[in-house]
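Everything on this sheet refers to the single structure shown next.
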Amino acid sequence: MIDLSIYFQPISVSIPFTERQLGAQIVSYQSDFPDLTGPGCAIFSVPEYRGAAKDQISMPAFRSTFYQLHPESNWTKPIYDLGTIEPGATLTDTYFALASVVSELVKKNIIPIVIGGSQDLTMALYQGYERLEQLVNTCSIDRSIDIGATEAELNSKNYLSHMLLQRPCYLFNHAIIGLQQPYAAAAEQELFDKLFFDICRLGEFNQDFRLAEPHLRNADIISVDIESIKTAELGSASGAPNGFTAAQFCQIAKYAGISDKVTSIGFFSEVQLGQTGAALLAEGIWYFLQGYFARVGDFPFGSKTDYTKFTVFMDQVSRELVFFKSNKSARWWMEVPYPPQQGSRYQRHHLVPCNKSDYDNAMNNELPDLWWKTYQKLG
């Protein structure tokens with residue numbers, strides 16, 4: 001059992017709040033480190049910018065807003081504020097500390113809500129799951145792909161390639177929500193397609209949010225690049241003119257929280273966030289918590305009596321496609337078979353979140369792209 005307190009610096013909370021606001025409910029590390037018991041959520045800051053592509057900036061003061069927000073009546077599980085993981089002597093030291101904390105919190109069924117810092121810290125989140133020897137899916141909310149140059153040292157613009165090069169590799173799937181074509185190199189997109197990873201472009205998201213929801217539901221780790229939000233919404237002096245609106249950002253955070261599969265999330269920024277941006281970050285954390293406390297436990301690992309089964313015969317692949325619809329949330333999953341293995345006695349299947357449109361396409365004898373990409377990855 002690791003003593004997590006060795007990694008954290010306490011915070012001094014001088015924020016005025018009432019007994020009805022979040023500040024009265026949060027168990028914060030001010031003098032004594034909290035006795036961590038799950039399930040619950042743990043918020044903490046990691047002001048590490050040495051892996052950033054830009055000059056170092058200061059940590060957003062999100063707590064001044066966050067502590068004054070109001071919890072909902074069903075927020076009955078503990079919410080911890082563990083303070084700050086200060087940057088180590090080297091960047092590798094910071095990664096090690098964050099990975100150690102993430103691994104221990106996940107084992108305790110406590111969701112780490114990491115406030116960065118630059119997005120290369122996503123690698124440390126992933127390393128926390130490596131220690132658990134757990135196959136993971138990741139999802140980034142980002143305007144770019146961040147594969148970058150594999151030969152360069154790990155940084156915020158190539159962390160994904162370093163995750164892929166880890167051996168053994170525990171990354172099964174990666175999805176991007178909010179990709180903007182001007183920020184995506186053609187070579188990176190080609191590699192992404194060869195890996196059968198998933199992309200929901202910003203334009204597609206704007207047309208129909210439901211296209212993005214299954215990617216959030218399929219992820220263990222969510223990595224949010226604050227620069228995916230349009231600059232005008234952040235009140236920042238730098239960033240991009242296009243991106244998510246503040247309302248869309250909060251919507252994404254809520255649906256990430258609702259997902260039963262998501263067990264960690266990080267919010268990362270390389271733009272200087274003023275009062276407006278820090279307040280928006282606080283609201284994003286709030287909406288993630290709202291989603292978390294609204295989880296209904298319908299990720300299909302229990303009784304199939306809680307689902308309605310639909311079977312469609314596909315001429316293209318000469319097989320039946322099986323879909324499941326949750327009776328609790330009306331969300332859909334698709335069953336994808338593992339490719340046949342010589343000598344295998346049992347047929348195995350992989351359940352992947354999908355939209356009703358995937359079922360509709362199958363009914364029109366159109367093989368869902370999601371089915372084919374998943375089948376290729378299972379081979």
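Values in this text are rule-based calculations from the coordinates and carry no lab data. These numbers were taken from a predicted model, which means no experiment stands behind them. Quick reminder, even Gly has a Cβ in these numbers, built from the backbone with ideal geometry, and neighbours come from all protein chains shown.
Below are the figures for this structure:
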| item | result |
| --- | --- |
| Local electrostatic count, Phe244, Cβ distance below 11 Å [Lys/Arg +1, Asp/Glu -1] | -2 |
| Coil-residue trypsin sites (Lys or Arg not before Pro) of region 1-91, DSSP, other Cβ within 10 Å capped at 10 | Arg20 |
| Relative intensity, log₁₀ I(q)/I(0), of region 1-127 from a Debye sum that treats every alpha carbon as a point, q = 0.15, 0.18, 0.22 Å⁻¹ | -0.71, -1.01, -1.37 |
| Estimated [θ] at 222 nm from DSSP helical runs (n ≥ 4, -39500 (n - 2.57)) normalised by residues in the chain, nearest 500 | -8500 deg cm²/dmol |
| Distance histogram for region 77-152 (every C-alpha pair counted, 5 angstrom bins, percent rounded to whole numbers) | 3, 13, 23, 24, 21, 12, 3, 1, 0 |
| Counting all C-alpha pairs of the chain, share separated by more than 25 Å (%) | 55 |
| Nitroxide proxy distance, nm - points 7 Å out along Cα→Cβ at Leu69 and Thr18 | 1.8 |
| Debye, to nearest 20: dipole size of the chain, +1 on Lys, Arg Cβ, -1 on Asp, Glu Cβ | 940 |
| Residue-count net charge about Ser269 - beta-carbon cut-off 9 Å; Lys, Arg +1, Asp, Glu -1 | -3 |
| Point-charge dipole on Cβ atoms (K/R +1, D/E -1) for region 96-163, about Cα centre, debye to 20 | 260 |
| For region 172-189 and region 92-111, distance of Cα centres in Å | 27 |
| Charge context of Ser73, other residues only, Cβ under 15 angstrom, K/R +1, D/E -1 | 0 |
| Beta bridges by DSSP in region 4-292, antiparallel share as percent, to the nearest 5 | 5 |
| At 1.002 mPa s and 20 °C, Stokes diffusion of region 304-378 via Kirkwood alpha-carbon radius, µm² per second | 166 |
| Hydrodynamic radius of region 230-301 per Kirkwood, over alpha carbon pairs, in Å | 13.1 |
| Binned Cα-Cα distance frequencies in region 124-243 - 10 Å width, integer % | 13, 44, 34, 9, 0 |
| Relative contact order (%) - the chain, alpha-carbon pairs under 8 angstrom, separation at least six | 14 |
| Nonlocal amide H pairs with Phe197, under 5 Å, H built at 1.01 Å | none |
| Packing-based order for 65-72, 149-156, using average beta carbon neighbours within 10 Å, highest first | 65-72, 149-156 |
